[in-house]
Amino acid sequence: MGRSGYAQDRSPTLGCRFMSWEEEAACGAFEPELFFGTTASDERRAKAICGTCAVRSECLAIALSSGMEFGVWGGLNERERRSLRRRNPGVADWRALIEERGLRRLKVRTA
């Protein structure tokens, strides 16, 4: 997710102007708080928005690479991203892994 409560002209992970994928992110049309909600309903809504996003893979790769701890990024919550990192230690290029396997084949576990 691009615009997540950070300054409007800054990337949350790289400290630079928005990259082109962030400008295309579906989440940009919603309040950032939705993606950092505290209820299951907020999370479901955020994930549904991510599910329609053309740049979901890029968002998830940035979140995994940078260790984003909070919120829904690329359609995954904190627990799901931690699970992916634990099951795939030493991944140097999350974007390549996501492109290779596809989002559906990453097999996220939450338990």
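Where a number appears in this text, it was derived from the coordinates with a stated rule and is not lab data. Note that the structure is a prediction, hence the values are computed from the model and not measured. As a convention, Cβ positions derive from the backbone with ideal geometry for all residues, glycine included, and neighbour counts pool all protein chains shown.
With both labels modelled 7 Å from their Cα along Cα-to-Cβ, the residue 88 to residue 52 distance reads 2.6 nm. Looking at region 35-111, the GluC sites (Glu not before Pro) that sit in a DSSP loop and have at most 10 other Cβ atoms within 10 Å of their own Cβ are 69. Diffusion coefficient (Stokes-Einstein, Kirkwood radius over C-alpha pairs, 25 °C, 0.890 mPa s) for region 20-106: 188 µm²/s, rounded to a whole number.
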